[in-house]
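A.B. asks: So that we are looking at the same thing, I have put the structure below in structure tokens.
The values are calculated or read from the model by the stated rules, or taken from the named source; none is laboratory data. Keep in mind the model is a prediction, meaning the values are calculated, not measured. Note that we place each Cβ from the backbone using ideal geometry, even for glycine, and neighbour counts take in every protein chain shown.
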Amino acid sequence: MLHTLARFIFIAIFAITAFIPFGTHAQELHDDYHGTLRGKVLEVISQEQKQIPGTDTEHLFQSIKAEVIEGDKKGEIIVIDNDYLELDVGDKFYFNYLVDINGFESYAVINIDRRDSLAFLGLAFIFAVILFGGKQGIRSLIALLGSFLAIFYVLLPGLLNGWNPIVASSLVASGILFLAIFFTHGFNRESLVAYGGTMIAVLLTGLFAVVAVNGTDLSGFSSDESVYLNFNTRGALDFTSLLLGAIIIGVLGVLDDIAVTQAAVVSELYNSNPDASRKEIYNRAIRVGREHVSALVNTLVLAYTGASLPLLLYFHMAPSSFGSIINMEIIATEIVRAIVGSVGLILTVPIVTVLAVFYLKGYKLEYHHQHTHTH
């Protein structure tokens with residue numbers, strides 16, 4: 001469960017750091033952008049439901065009085081026509097400041113300011129991890145921070161500078177995995193088994209991902225973000241390779257999870273019965289691994305489904321057939337992700353278990369296992 005929470009906090013940190021302003025009004029295409037500012041709602045002057053032209057759908061339109069709370073216009077009181085999201089008195093929000101060719105100023109609400117709430121949730125997450133994991137929990141948080149820094153300050157700039165996405169993602173993935181396993185669980189033989197087994201599984205999973213992506217002819221343009229990025233980079237990125245790199249990074253968490261668990265299971269089985277044969281230990285550990293894989297595969301599918309629930313509802317209402325819907329790239333991409341991740345899980349269990357039964361026999365850790373998932 002903690003590795004899922006870690007993903008949420010990672011996404012929150014990434015979103016705050018990599019905040020990029022996007023406008024919501026067509027008028028902005030003809031206006032000169034003068035920056036993204038923050039404001040605070042002082043008064044909702046008026047609000048009403050209006051029909052969106054050309055549709056039967058109604059949407060809330062507001063006129064709000066707000067105070068600019070940062071930037072060159074800090075302290076000014078402005079009036080904004082808001083048709084993006086509902087705002088209440090006291091809400092803080094981001095808006096674009098625009099000036100047209102005639103010098104007319106306009107403002108466009110682009111998002112509510114969630115930083116205080118995200119900070120509170122982040123602190124709650126850190127407290128929960130430390131309360132449950134103790135010193136190991138602290139190490140796992142440091143490893144999580146290191147993973148974030150590696151992705152944001154090494155992988156992303158490298159990709160934009162022309163690095164091969166598959167090679168770059170694999171190298172960064174190996175570094176993240178090293179940091180996550182050895183820093184969190186200690187430099188010992190058990191961690192070495194988990195790391196080695198996971199790297200072999202990542203390599204095989206990556207090869208399977210190449211076959212799956214090429215076999216399904218996925219282009220990597222399954223979302224609007226990919227299209228925007230392609231325009232901003234003038235077509236310099238290989239989006240098929242970028243998709244493969246994303247899949248490799250995405251499977252790290254679950255593969256690390258099951259690898260560390262399998263190594264710990266084998267170690268504990270040996271400690272409880274030092275005279276047991278390798279075959280007996282392998283069979284017992286594989287049984288545990290099968291149960292773990294069954295749960296994690298279900299978790300993967302549910303996670304992808306939950307992330308795409310609005311999209312799935314939209315397609316469910318569409319007149320298209322089921323075969324036509326799953327054939328769409330945005331859906332096919334998520335199916336491929338889930339299948340590749342599941343196959344990676346299945347490969348990891350026997351690989352790590354074989355390494356563990358041969359390498360951990362007679363080995364005893366100096367501390368008890370306290371397994372904390374962080375990614």
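A.B. asks: Which is crowded, with 17+ Cβ neighbours inside 10 Å and farther than 30 Å from Leu177 by Cα, of Val68, Val99, Val129?
C.D. replies: Val68
A.B. asks: Within region 226-241, how many residues are over 12 Å from Gly162 (Cβ atoms) and in contact (Cβ under 8 Å) with a residue 24 or more places away in the chain?
C.D. replies: The number of residues fulfilling the criteria is 1.
A.B. asks: Can you tell me which of (1) within 26 Å of Glu334 (Cα to Cα); (2) of a type in the set (Val, Ile, Thr); (3) in contact with a helix residue (DSSP H, G or I) (Cβ under 6 Å, 6 or more places away or on another chain) is the one Val167 doesn't meet?
C.D. replies: Against the list (1) within 26 Å of Glu334 (Cα to Cα); (2) of a type in the set (Val, Ile, Thr); (3) in contact with a helix residue (DSSP H, G or I) (Cβ under 6 Å, 6 or more places away or on another chain), Val167 comes up short only on (3).
A.B. asks: Going through Ala264, Ala201, Ala295 one at a time, which residue ends up being in contact with an Asp or Glu (Cβ under 9 Å, 6 or more places away or on another chain) and within 27 Å of Leu141 (Cα to Cα)? Walk me through it before giving the result.
C.D. replies: Details: Ala201 fails: in contact with an Asp or Glu (Cβ under 9 Å, 6 or more places away or on another chain); Ala295 fails: in contact with an Asp or Glu (Cβ under 9 Å, 6 or more places away or on another chain).
Ala264 is the lone residue from the list that is in contact with an Asp or Glu (Cβ under 9 Å, 6 or more places away or on another chain) and within 27 Å of Leu141 (Cα to Cα).
A.B. asks: Please find, among Gly253, Gly245, Gly289, the residue that is in contact with a helix residue (DSSP H, G or I) (Cβ under 6 Å, 6 or more places away or on another chain), closer than 22 Å to Leu160 by Cβ, outside any loop (DSSP other than H, G, I, E, B) and assigned by TED's automatic domain parsing to the domain that holds Glu329.
C.D. replies: On the way: Gly253 fails: closer than 22 Å to Leu160 by Cβ; Gly289 fails: closer than 22 Å to Leu160 by Cβ.
Answer to the selection: Gly245.
A.B. asks: If a residue has to be surrounded by fewer than 22 Cβ atoms within 10 Å (Cβ to Cβ), in contact with a Phe, Trp or Tyr (Cβ under 9 Å, 6 or more places away or on another chain) and under 20 Å from Gly197 (Cα atoms) to count, how many in region 238-280 make the cut?
C.D. replies: Residues in region 238-280 being surrounded by fewer than 22 Cβ atoms within 10 Å (Cβ to Cβ), in contact with a Phe, Trp or Tyr (Cβ under 9 Å, 6 or more places away or on another chain) and under 20 Å from Gly197 (Cα atoms): 2 in total.
A.B. asks: Here's another thing I want to ask about it. Does Ser219 satisfy being outside any helix (DSSP H, G or I) and either aromatic (Phe, Trp, Tyr) or under 22 Å from the mean Cα position of the chain (by Cα) (or both)?
C.D. replies: Details: outside any helix (DSSP H, G or I): yes; either aromatic (Phe, Trp, Tyr) or under 22 Å from the mean Cα position of the chain (by Cα) (or both): yes.
Here the answer is yes, as Ser219 does meet what is asked.
Yes/no per residue for (1) over 30 Å from Leu177 (Cα atoms); (2) surrounded by fewer than 18 Cβ atoms within 10 Å (Cβ to Cβ); (3) polar (S, T, N, Q); (4) touching a helix residue (DSSP H, G or I) at 6+ places or on another chain (Cβ under 7 Å):
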position: Lys40; (1), (2), (3), (4): yes, yes, no, no
position: Ile45; (1), (2), (3), (4): yes, yes, no, no
position: Ile52; (1), (2), (3), (4): yes, yes, no, no
position: Asn82; (1), (2), (3), (4): yes, no, yes, no
position: Phe95; (1), (2), (3), (4): yes, no, no, no
position: Gln136; (1), (2), (3), (4): no, no, yes, yes
position: Ile142; (1), (2), (3), (4): no, yes, no, yes
position: Leu149; (1), (2), (3), (4): no, yes, no, no
